[in-house]
Number of protein chains: 4
Amino acid sequence: MRIGVLTSGGDCPGLNAVIRSVVHRAVDAHGDEVIGFLDGWRGLLDGDHLELDLDAVSGILARGGTILGSSRVRPEDLRDGVERAKGHLRDLGLDAVIPIGGEGTLKAARLLSDNGLPIVGVPKTIDNDIAVTDVTFGFDTAVGVATDALDRLKTTAESHQRVLIVEVMGRHTGWIALHSGMAAGAHAIVVPERPFDIKELTERVGARFEAGKRFAIVVVAEGAKPAPGTMDFAEGGKDIYGHERFAGIANLLAVELERRLGKEARPVILGHVQRGGTPTAYDRVLATRFGWHAVEAVHRGEFGRMTALRGTDIVTVPLAEAVASLKTVPEERYAEAPTVL
Amino acid sequence: MRIGVLTSGGDCPGLNAVIRSVVHRAVDAHGDEVIGFLDGWRGLLDGDHLELDLDAVSGILARGGTILGSSRVRPEDLRDGVERAKGHLRDLGLDAVIPIGGEGTLKAARLLSDNGLPIVGVPKTIDNDIAVTDVTFGFDTAVGVATDALDRLKTTAESHQRVLIVEVMGRHTGWIALHSGMAAGAHAIVVPERPFDIKELTERVGARFEAGKRFAIVVVAEGAKPAPGTMDFAEGGKDIYGHERFAGIANLLAVELERRLGKEARPVILGHVQRGGTPTAYDRVLATRFGWHAVEAVHRGEFGRMTALRGTDIVTVPLAEAVASLKTVPEERYAEAPTVL
Amino acid sequence: MRIGVLTSGGDCPGLNAVIRSVVHRAVDAHGDEVIGFLDGWRGLLDGDHLELDLDAVSGILARGGTILGSSRVRPEDLRDGVERAKGHLRDLGLDAVIPIGGEGTLKAARLLSDNGLPIVGVPKTIDNDIAVTDVTFGFDTAVGVATDALDRLKTTAESHQRVLIVEVMGRHTGWIALHSGMAAGAHAIVVPERPFDIKELTERVGARFEAGKRFAIVVVAEGAKPAPGTMDFAEGGKDIYGHERFAGIANLLAVELERRLGKEARPVILGHVQRGGTPTAYDRVLATRFGWHAVEAVHRGEFGRMTALRGTDIVTVPLAEAVASLKTVPEERYAEAPTVL
Amino acid sequence: MRIGVLTSGGDCPGLNAVIRSVVHRAVDAHGDEVIGFLDGWRGLLDGDHLELDLDAVSGILARGGTILGSSRVRPEDLRDGVERAKGHLRDLGLDAVIPIGGEGTLKAARLLSDNGLPIVGVPKTIDNDIAVTDVTFGFDTAVGVATDALDRLKTTAESHQRVLIVEVMGRHTGWIALHSGMAAGAHAIVVPERPFDIKELTERVGARFEAGKRFAIVVVAEGAKPAPGTMDFAEGGKDIYGHERFAGIANLLAVELERRLGKEARPVILGHVQRGGTPTAYDRVLATRFGWHAVEAVHRGEFGRMTALRGTDIVTVPLAEAVASLKTVPEERYAEAPTVL
């Protein structure tokens, strides 16, 4: 068999581990040939690729990033390119394509699959927002990086007697905020799923100071928003202080909490450091298993599906299910973090 | 309500996180009182305890070890002590006991539960050998520590053109060896579930050198053994070289592989470093959730059970099921690590 | 003897290690008594203190922050408080005070020393800006944290084909930028000592892309500024885009480089994570040695001096020398980082 | 100019950083050409080499090991090979050779230099045993790895109420033991420079238990030995228990301390993990500076010398001085670690 693999969308620790595992399983166990398309869907649309043998994937297991490069392609480009992609598959003699990517990538994968391309997807997201899989690789590393930072920030907040507002990734879901906040013992966790009331948040943090504590750590997902009517934003993407949205929710909260509490409050925005670098052992094992099982699914002809973790098993599920909805933090998980608003 | 908590058996990263979570949930959400028995079951048998309020568990979330101490008690001591334990519970006005421990602890918990004590267990093992839960806290940290070490050893093995035999924990099961070996890309993984044939192992490692590679990493679980008839051990706990068993399977394999391959081979025994120190974010979250749900189970009167992870949910399962069998590495998981013997 | 110790100024990994070492050496070797003033100079002015015996410093060696708390006191408050401080020393029967702090703290220490108080200072700065000592504790940890982040950011910049502008600490000096940039192989390093020309910086980064590379990492110290006349800033603390200075130099550079290069550029501001958390082994050893030698200096009556590292030796130097000038990055050190502007 | 570079002796974090820095400085700043000899001196004797351009050293800065490979060559082989080496230098048109290595390598470098080869050495040792330089790269990483392990072991020793005997590297010198022991707050440190008296060590550790503590950590350098007459060893490389020397001093001490103290004692041998993997930021900066200055020394024609750190400066010193004696832990450094025997 000949199999193509590509990585698409935002960076995520574990991409290289999947690529390596696909090559190992396909080449070593099945005698397949594997090629890698460059820069995600663009490579498939342009037929831009390289051969992936065992040597090509040597030493990449623990490396962040992706040796194949990545890019974001607009869905309309992909729609117009279906025939072109099919042509490249034919010309290259490919029996299957394994795209590794997040929600957008999997939607694109479904489109191509619906148009007859033989596809087995591998889900990827540091945000943990893909439904039908318990979790994907990248999330554990992101949470680990955020937790390490929170551990460090705690001691400095305590010594300075400050409120630190730490912004972590998560535009639509609060999983990284929830898990890193629980892991580091944050005193409040603010997530997009639950628009916050600034008065409630102020009271909660204030109560801590009244109880004699001298510092507080608030973890906030980048996509967190105030509940309608509780806080006024000006038009045009600027907040009431004239800050660009660019400056982040943590900056806004720092200004507000300092003003309302009369305590020094400082923002910290962890940023891209959460999606780079060497993956945790957990993510490497999961990524390796996903690659292994994607190849097996290809050999069983299970197209139009993607790998998923269910308990301790790797299964495959229809791409259609995977992209039907975003996995958000449910109420009962909030409840477990006593500090969540 | 008044709840007692204790930690028993070998050290495991995350014990303090469970203790803290039990206290937080019980005291903060339910208005309960919590006491901690010292040094595991011994504290329960002797009534030796301390009060655990919110201050007592401040700052322990990320700390390894257990603030309550631990010990190993012989089952017969516990059997004889059932009435004494009941008496202490009565005297202390306790409504429930939450023992946190591994297989031995959970067996003891079942014994006490069968004798009428109100018990909700929390499973703990770095070895991942407890059935009926997908995983417990401590395992992820142990795998992470072993993987970090393997990452380091790989570059030194390569520079020295050596075979390194790395012994990880796992007396009866090979989970740490399997996961750390997969995560670090080991070239052979030897587990207790599959007695090894030294000739097969030599061939596998030798094939790597024949293919032009200049080093190899073999991960071996401490409990790994040669297949009967494949390698002769002398009597009295000594191997054929007269080494004490104390010296470990890695030493034996290093001697054998060096002799058979004609390549320099060196043993590395990771040892207790795998069960100490700050837990990973994954383990802190899981430990915190276990503590939270154990308190809830107490309030629902679900005694004779223990917390367990199933997929992404925390459930409770009967203690009887939990201790019925050891969770070993199944055949299909071996297969995923192409290098496993 | 009775010795007082205090920590003052911004947080810095290793403060607790010094405190512990002072107590160990003083109490254990000399039979001294030690007290700790709370919240820096404030504690000395108010006589607010606690006894520090061996138990009080148990387990703090590897912990970030300071068990004594810290604060910033205005010099004029201290000037007015000299007599009060003297009174507290008399009342508490103290033979010496060991203040641990940065430039501001050491200036205050000199003031008190000139007024007759028996003082031995210990220098502390993550910025490495204190003259007359090769380095102080805290710097190595800050550089390590920044380097870890840069390692992670490199893989994500590469996968996204981006320019990442990473802002590290350093208001007046570029030591953290220089060392972390060298350690991580940054492609340009911008420091306060050398006002940058945005055109030159753009050319340098652009040259990298022209040479076929697909990403770049720019490390910038928070205090970096454009060379006069090379870039226009509006009045009132806002840049030409209307961003508050608050938003940081990295944000400004990201906007400028993206506009000029036509490449996606993103800012990352590492922030307080650089000054919190567990110190590196290097900083723990240095902090421990400083504490040890400060006590010895007290016993030798070497007042008005502070500890300093010279090569591998710990010596004492006059406070007057220590605060005479800031240690900036010299020209010959720039030259070693081929990428420094 | 054409410059050859090679790495020789045991693995050491930072070797790749030196190689990269030599190439960067030579090729980029001076327009030189650089070749790398494979497997240390062997490559020079056999003329076995590869071209090192900027691409060849891309991405290796943070990687452990050496892309050039290493080996140990017997001095007599080198002595016989002087003319052969000279011939290769002539044939390859080399103006200088930069060998990177430890004591043995530098002795060989001196031999070749005395025979007229144009050599600038770069010192390398995780053991910190090279005189005339304050420190070399590799040591900081080794101490960091050992300290991380000790941090983890402390919590598990405490929970198990055990004595842990942790063996770190250092055949002839106790620097790693001293620094990691100080950094982690070990309760006793045993170094080769000071043969130990087992009775004294037992008393010291025992005193800790008598004072109510429940655990102890002893750090021992692999080369530590009992003081003559204080402990009997059998002949033939075996100790009195019949253990091979192979088993290590930690095993011996664990047996002895358990027997004498009546407390559970366990050995942990950290092993090769101390010399592999990614270097600390400190070591990367030092290695990069050494590479830079070695190239400058070549261009100044300063042959027969090696780079050295003096305070914060990189200087060059005669190879003859560098290999005249081993740098051992002096008395006054022992004294700073109150626990050193």
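Quick look at the numbers
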quantity	calculated
Unit charges on C-beta of K, R, D, E only; dipole of chain A, Debye	680 debye
Between D and C, accessible area buried - total, square angstrom, nearest 100, 1.4 angstrom probe	2500 Å²
Rounded to 5, percent antiparallel among DSSP beta bridges of chain D	25 percent
Built amide H within the under 5 Å cut-off of residue C:190, gap 5+	C:219, C:220, C:221
Neighbour cut-off at most 13 other Cβ (10 Å), DSSP loop, trypsin sites (Lys or Arg not before Pro), the range A:115-184	A:171
Within the protein assembly as shown, percent of DSSP bridges classed antiparallel, to nearest 5	25 percent
Accessible area (Å², per residue) of the range D:146-223, counting only protein heavy atoms and a probe of 1.4 Å	31 Å²
Sequence-distant residues sharing a close amide H with residue C:34 (under 5 Å, placed H)	C:3, C:52
Given charges at beta-carbon only (K, R positive; D, E negative), |dipole| of the range B:139-275 in Debye	240 debye
Environment charge of residue D:88, counting only residues whose C-beta is closer than 13 Å and scoring Lys/Arg +1, Asp/Glu -1	+1
Top positive-direction residue, dipole computed over chain B with Cβ charges, set B:10, B:273, B:57	B:273
Closest-to-axis residue of chain A (Cβ criterion, axis taking A to B), whole Å	A:311, 2
Distances in nm from residue A:259 to the matching label points in the other copies, shortest first (labels 7 Å along Cα to Cβ)	2.8, 7.4, 7.8
Gain in span if fully extended, residue D:95 to residue D:225, counting 0.36 nm per residue against the direct Cα distance	42.2 nm
Shielding by other protein chains, A:60-68, mean Cβ within 10 Å	5
Where only C-alpha atoms are counted, convex hull volume of the range C:139-275 per residue in Å³	97 Å³
Lys pairs, chain B - Cα-Cα below 18 angstrom, 8 or more residues apart or on other chains	10
Alpha-carbon centroid distance for the pair the range B:45-116 / the range A:263-328, whole angstrom	39 Å
Bins of 20 Å, starting at 0 and running to the largest distance - Cα pair percent for chain A	31, 48, 20, 1
Top positive-direction residue, dipole computed over chain C with Cβ charges, set C:123, C:251, C:299	C:251
Normalised contact order of the range B:139-275, rounded percent, pairs of Cα under 8 Å and 6 or more residues apart	34 percent
Long-range amide H partners of residue C:170 with built H, under 5 Å	C:222, C:223
Stretchable slack from residue A:213 to residue A:200, in nm (0.36 nm times residue separation minus alpha-carbon distance)	2.9 nm
For the range C:39-44, 3J(HN,Hα) per residue [Karplus equation, 6.51 cos²θ - 1.76 cosθ + 1.60, θ = phi - 60°, Hz, x = Gly/Pro]	6, x, 4, 3, x, 5
Inter-chain Cβ neighbour average for residues C:141-154, partner chain, 10 Å	6
The protein assembly as shown shape via C-alpha gyration tensor axes, a/c threshold 1.5	rounded
Contact order relative to length of chain B, as percent, for alpha carbon pairs under 8 angstrom and 6 or more apart	23 percent
Using a Förster distance of 56 Å, the FRET efficiency for residue A:72-residue C:48 (Cβ separation, nearest 0.05)	0.45
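The values are calculated or read from the model by the stated rules, or taken from the named source; none is laboratory data. Given the structure is predicted, the values throughout are model-derived calculations rather than measurements. So basically every Cβ, Gly included, is an ideal-geometry build from the backbone, and we count neighbours across all protein chains shown. To get the accessible areas, we keep the full protein, side chains included, count just its heavy atoms, and leave off ligands, DNA and RNA. Shrake-Rupley method; radii C 1.70, N 1.55, O 1.52, S 1.80 Å.
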